[in-house]
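Below you'll find the structure, written out as structure tokens, and then a few comments.
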Amino acid sequence: MVRDLALFLGEMIRHPGEVVALAPSSAATARRMTEGLEAAVGPIVELGPGTGSFTRAILARGIAPERLTLMEMNARFCEELTHAFPGVTVLNRPAQEIAEIGLADIGAVICGVPVLARPKIQREVVGAAFRVMRPGGFFTQITYSPRPPISVEMRHELGLACEDLGTVWANFPPAQVFRFRAARTH
Ligand SMILES: C[S@@+](CC[C@H](N)C(=O)[O-])C[C@H]1O[C@@H](n2cnc3c(N)ncnc32)[C@H](O)[C@@H]1O
């Protein structure tokens, strides 16, 4: 954990526009982010895993490593993730390429990539994820704001319904977790 923090802080200083957090997410946040994952069917993708807080929680939910693919832009984090999580597929690729990695019928996406107030990334990441998601699949997103990280207009454009999974106070700073699903059309 101390090693994770040191690595995280070092990369945050080197790449502040990408890491965009002061510390790795807490175990309590990771549990909230992965709630209900046991019921997911098919491949699971984690976007922006950093030092692996959510990865640990995904595997603790009983997801087989072979079902899990990580997409992380930071090469240094990828090296550590490959070492720490044998059997998990670690891709040093941007989350924007989720529809181009050969996966279909994805059961769930767990996302640590900051998307708040970044409509271009919302379209490119969240929109692309739902193109390769199975019916009933979900996209869970962390944010540090009490409001949903994807605006009403963008949810409408992407055809998404939003569920608030609540605040996790045991995180620095306190985190908010939202889950998105394809909205029912009938
Ligand atoms: C706020 S940190 C979260 C790390 C980890 N999920 C956690 O909660 O402790 C954001 C992570 O997303 C990665 N990242 C940022 N933009 C990305 C992108 N477009 N594609 C993939 N990873 C990205 C950063 O390198 C960083 O590891």
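Here is a yes/no grid of residues against (1) touching a His at 6+ places or on another chain (Cβ under 7 Å); (2) more than 16 Å from residue 108 (Cα to Cα); (3) assigned to a loop (DSSP other than H, G, I, E, B); (4) among the polar types (S, T, N, Q):
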| site | (1), (2), (3), (4) |
| --- | --- |
| 145 | no, yes, yes, yes |
| 148 | no, yes, yes, no |
| 155 | no, yes, no, no |
| 163 | no, no, no, no |
| 166 | no, yes, no, no |
| 172 | no, yes, yes, no |
| 177 | no, no, no, no |
| 180 | no, no, no, no |
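Scanning segment 44-73 for residues that are within 12 Å of the ligand (Cβ to nearest atom) and of a type in the set (Gly, Ala, Ser) yields a total of 5. Within the option set 128, 99, 161, being in contact (Cβ under 8 Å) with a residue 12 or more places away in the chain, farther than 23 Å from residue 24 by Cβ and more than 16 Å from the ligand (Cβ to nearest atom) holds for one residue only, 161.
Could you grab me the full set of residues in segment 22-43 that are away from the ligand (no atom under 14 Å from the Cβ) and either farther than 16 Å from residue 175 by Cα or polar (S, T, N, Q) (or both)? Once the filter is applied, which keeps residues that are away from the ligand (no atom under 14 Å from the Cβ) and either farther than 16 Å from residue 175 by Cα or polar (S, T, N, Q) (or both), segment 22-43 yields 36, 37, 38, 39, 40, 41, 42, 43. In segment 68-77, of all residues being under 15 Å from the mean Cα position of the chain (by Cα) and without any contact (Cβ under 8 Å) to a residue 40 or more places away in the chain, the one that is farthest from residue 104 (Cα to Cα) corresponds to 72. Has segment 30-51 got at least one residue that is among the basic types (Lys, Arg), touching a Leu at 6+ places or on another chain (Cβ under 8 Å) and in a helix (DSSP H, G or I)? So far as segment 30-51 goes, yes, one or more of its residues are among the basic types (Lys, Arg), touching a Leu at 6+ places or on another chain (Cβ under 8 Å) and in a helix (DSSP H, G or I). Only residues that are over 16 Å from residue 183 (Cα atoms) and of a type outside the set (Gly, Ala, Ser) were counted in segment 124-147, giving 8.
Bear in mind these aren't lab numbers, they're just calculated from the coordinates by the rules spelled out. Only a predicted model underlies this, so the values are computations on that prediction, with no experimental measurement involved. Neighbour counts run over all protein chains shown; Cβ positions are idealised from the backbone, glycine included.
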